[in-house]
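Notes to accompany the following structure.
The values are calculated or read from the model by the stated rules, or taken from the named source; none is laboratory data. It should be emphasised that the depicted structure is a prediction, and the values quoted were computed from it without experimental measurement. Every residue, glycine among them, receives a Cβ derived from its backbone with ideal geometry; neighbour counts consider all protein chains shown. Accessible surface areas use protein heavy atoms only, side chains included; no ligands, DNA or RNA. Shrake-Rupley method; radii C 1.70, N 1.55, O 1.52, S 1.80 Å.
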Amino acid sequence: MQKFSLLICAGIFLFVSCKNDNTTTENSTTDMSKNPLLTEWNTPFGVPPFDKIKNEDYIPAFNEAVKIHKKEIKDVIENKEKPTFKNTIEALESSGELLDRFTNVFFAVSAANTNDTLKEVRKTISPELTAHYDEIRLNTNLFNRVKEIFDQKDALSLTSEEMRLLTETYKGYVRAGVNLEGKNKKRLKAINKRISELSTKFGDNLLDETNDFELHVTDKKDLGNLSESLVAGAVDEAEKRGHDSGWSFTLQRPSINPFLQSSPNRDFREKLFQGYALRGDNDNDKDNKEIIQEMTSLRAERAELLGFKTHADYVLSDNMAENPEAVYAFMDKLWPSALKMAKTERKALADMMKKEGVKDEFRGSDWRYYVEKVRAERYNFNEDETRPYFEFNAVREGVFTLANKLFGLTFKHLNDVPKWHQDQQVFEVLEADGKHLGVIYMDFFARESKRGGAWMNALRSQSNTDEFITPIVTNNFNFPPPTKDTPSLLSFSEAQTLFHEFGHALHGLLSNVKYGALAGTNVPRDFVEFPSQVMENWMSEPEVLALYAKHYQTGEIIPEAMVKKMNEANSFNEGFRTVEYMAAAYLDMNWHTLTDTTKQDVRTFEKQAMQKIGLIDEILPRYRSNYYSHVFAGGYSSGYYSYLWSEVLDADTFNEFKKTGNLFDSELSQKYRKMLSSGGSKTGMELYKEFLGRAPEIEPLLKKKGFI
Ligand SMILES: [Zn+2]
């Protein structure tokens with residue numbers, strides 16, 4: 001049975017499940033036997049038969065998989081034998097394989113290639129799934145068996161991984177509220193179900209609000225120095241939206257940021273900026289404010305029911321940080337330096353605007369435009385100059401080469417495997433000795449059927465109980481699609497995103513544990529971003545760039561002078577980046593440290609939260625509440641700080657590589673691989689200490705950010 005955790009990355013949530021198998025159902029009806037979600041997958045490496053799965057297959061498959069899982073659970077409970085690790089903990093862990101397989105496929109497809117039918121399916125099954133897992137986790141008879149084993153754990157001579165599985169299983173039941181009685185238990189189930197419904201609705205509203213918006217530009221000079229490929233993309237978008245001419249911009253990231261960086265038209269910039277900021281806050285039928293009010297109130301109520309002071313206390317008790325006080329203390333340590341740096345940047349930007357003869361007050365929608373101006377002046381750098389060196393296939397080759405240098409892995413393109421979209425690329429991943437390691441699906445381009453952001457999830461997690469099951473993982477992005485004339489050329493930060501998500505993929509691929517529930521990315525929230533962020537460190541090193549950053553037309557390696565300029569220019573605006581991110585992390589913590597269920601006025605609450613930390617008006621939190629999908633449509637509530645927490649770990653780790661004098665030092669990369677392969681079989685701190693022989697240190701991060 002999966003831990004039923006969520007993986008989110010840069011704006012999206014997905015169910016990450018633990019293990020899968022090609023289980024066929026014992027009691028399928030004739031009809032069911034034709035449902036590709038329920039039958040054996042005779043595909044290469046057992047990948048899902050995406051080409052055969054139809055929209056109408058999902059609901060019947062879901063119902064059947066739930067039915068089978070219920071039966072498996074019933075068998076565990078009714079087992080006449082005395083509870084043992086094997087007949088209870090392992091039996092629970094191996095139950096629900098079919099349902100896990102289903103959720104892996106469904107949530108991957110419905111996030112990356114959705115349609116109206118799938119949205120409806122999601123609306124139907126999300127609360128049912130929550131209710132199903134609640135029923136298991138809140139079952140007292142089942143818990144009594146688990147507890148009996150847990151109580152005698154020290155006498156059982158379990159391996160450390162078995163002990164971890166037992167402890168996590170036990171804790172999972174307690175945290176879910178199994179000790180509640182009567183009407184409290186009933187109330188808890190109702191809350192969980194309602195939160196699940198609200199969360200789906202939040203995500204749907206956001207997707208609709210993002211897609212509904214359009215800025216149509218008819219005068220070429222309003223495009224500024226936007227790169228050719230992005231101009232071509234805007235022409236395609238305008239055509240798609242029924243215009244005979246002109247350029248269209250949307251609220252999707254590949255469209256909005258370049259426009260804000262390039263367009264000299266202040267009004268248009270403001271329109272796009274406000275359009276983005278007000279998604280879900282337009283007082284229309286897609287408004288998310290009431291959802292937020294209800295969700296935060298329900299979360300506070302649930303925390304109280306479960307005996308925690310706040311929702312954040314509840315969530316964090318299961319993380320490396322342990323409690324809200326630790327998170328606030330950690331953030332408060334960095335915030336003043338970040339804010340100070342952002343204020344210095346604001347002054348430089350406002351001065352630049354004045355110098356250009358604009359008399360108005362400097363505002364948020366001017367920020368990105370003048371960052372580029374300052375970069376051009378100070379560093380003689382324009383981000384678009386570098387795009388031709390970051391053609392998406394070249395960058396993908398870059399991450400493959402890095403994985404080869406560190407771990408000896410190679411990647412073989414698979415042409416004949418089923419996909420959920422024709423744009424996907426699929427690769428078999430091989431060990432240095434040619435042994436099969438796993439499969440990775442990569443889906444690169446933005447489209448209306450895909451949620452925003454970038455993320456990884458597992459279609460099949462690694463496990464090794466009866467036999468070794470190899471992992472199948474996905475990487476998903478929202479890169480600018482290729483146009484008629486140009487391939488997809490990435491910005492530096494988009495290239496960075498590719499390295500980041502690939503880090504998550506490696507975490508899944510290199511997994512080598514016994515139990516799927518502890519495999520790969522099934523680790524605490526504030527540890528999971530570490531293996532992804534660490535990859536970003538390599539990508540901008542001149543030595544690594546030379547391996548992949550090649551001009552898409554000439555094949556020329558990115559010139560050293562340009563790299564130097566780029567790295568210097570990129571270090572400018574670090575104050576903004578940290579402040580924008582941290583403001584959102586504070587906002588998340590503030591929402592989830594509410595001690596009572598009083599419904600809050602969303603706009604007022606957010607305003608006060610931002611005033612409290614002294615956020616300057618020209619910077620918005622990276623996510624305002626109304627489009628904060630991490631925490632209201634995903635699994636990151638009280639967890640957005642995790643990226644920064646993980647940054648401490650990744651800066652510290654990369655610093656160790658640098659200290660060896662070899663970015664691919666084999667001894668260190670082997671130790672690093674060992675840590676990755678351990679998945680969640682130990683706590684984050686235990687893993688880290690085994691890896692470097694000491695606790696993480698914060699100084700390398702402070703240095704990296706230029707704060708000390
Ligand atoms: Zn991530």
Quick check on packing: order 541-550, 292-301 by the mean number of other C-beta atoms within 10 Å, highest mean leading. 292-301, 541-550
By a straight-distance test (C-alpha under 12 Å), which aspartates and glutamates pair with Lys74 as possible cross-link partners, with residues fewer than eight away in the same chain excluded? Glu135
Probe 1.4 Å, protein heavy atoms only - accessible area per residue of the chain in square angstrom: 39
Provide the packing ranking of 593-602, 507-516, 477-486, i.e. peptides ordered by the mean count of other C-beta atoms within 10 Å per residue, highest first. 507-516, 477-486, 593-602
Per the C-alpha gyration tensor (a ≥ b ≥ c, the square roots of its eigenvalues), region 372-436 is rounded if a/c is under 1.5, else prolate if a/b beats b/c, else oblate; here it's oblate
In degrees, nearest 10, the alpha-carbon axis of helix 58-78 is tilted away from the dominant principal axis of the alpha carbons of the chain by 40
Pairs beyond 21 Å (Cα-Cα), from Lys333/Lys373; Lys123/Lys419; Lys185/Lys309: Lys333/Lys373; Lys123/Lys419
Those aspartates and glutamates that a straight Cα-Cα span of less than 12 Å connects to Lys565, excepting residues fewer than 8 apart in one chain: Glu377, Glu383, Glu385
Helix 492-509 axis, angle to the chain major axis (alpha carbon atoms, nearest 10°): 10
Place a +1 charge on the Cβ of each Lys and Arg in region 130-173 and a -1 charge on the Cβ of each Asp and Glu, then give the dipole magnitude about the Cα centre in debye, rounded to the nearest 20. 60
On Cα atoms only, tilt of 642-660 relative to the major axis of the chain in degrees: 80
Between the alpha carbon centres of region 178-252 and region 373-449 the gap in Å comes to 25
Tell me, what is the percent relative contact order of the chain, built from C-alpha pairs under 8 Å that lie six or more residues apart? 18
Structure shown: which of Lys271/Lys607; Lys52/Lys550; Lys289/Lys340; Lys220/Lys484 lie over 30 Å apart, alpha-carbon to alpha-carbon? Lys52/Lys550; Lys289/Lys340
Assuming a ≥ b ≥ c are the square roots of the Cα gyration tensor eigenvalues, decide whether region 312-430 counts as rounded (a/c under 1.5), prolate (otherwise, with a/b larger than b/c) or oblate. oblate
Over 20 Å (Cα to Cα) among Lys405/Lys514; Lys171/Lys599; Lys67/Lys183; Lys405/Lys674; Lys119/Lys450 -> Lys405/Lys514; Lys171/Lys599; Lys67/Lys183
Dividing the helical contributions, -39500 (n - 2.57) per DSSP H run of n ≥ 4, by the residues of the chain yields a 222 nm value, nearest 500 deg cm²/dmol, of -17000 deg cm²/dmol
Quick note, region 44-89: a/c under 1.5 would make it rounded; otherwise a/b > b/c is prolate and the rest oblate (a ≥ b ≥ c, C-alpha gyration tensor); here it is oblate
Below 8 Å, C-alpha to C-alpha, sequence gap of six or more: please give me the relative contact order for region 614-708 in percent. 28
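Ranking request for peptides 527-539, 574-586, 341-353: highest mean number of other beta-carbon atoms within 10 Å first, then the rest in descending order.
The packing order, highest mean first, is 527-539, 574-586, 341-353.
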When the charge dipole of the chain is computed with +1 on Lys and Arg Cβ and -1 on Asp and Glu Cβ about the Cα centre, the Cα farthest towards its positive end, among Thr43, Ala376, Ala232, belongs to Ala376
To the nearest 20 Debye, how big is the dipole of region 282-323 about its Cα centre, given +1 on the beta carbon of each Lys and Arg and -1 on that of each Asp and Glu? 100
Counting Lys and Arg as +1 and Asp and Glu as -1, each charge on the Cβ, what is the dipole of the chain about the Cα centre in debye, to the nearest 20? 1180
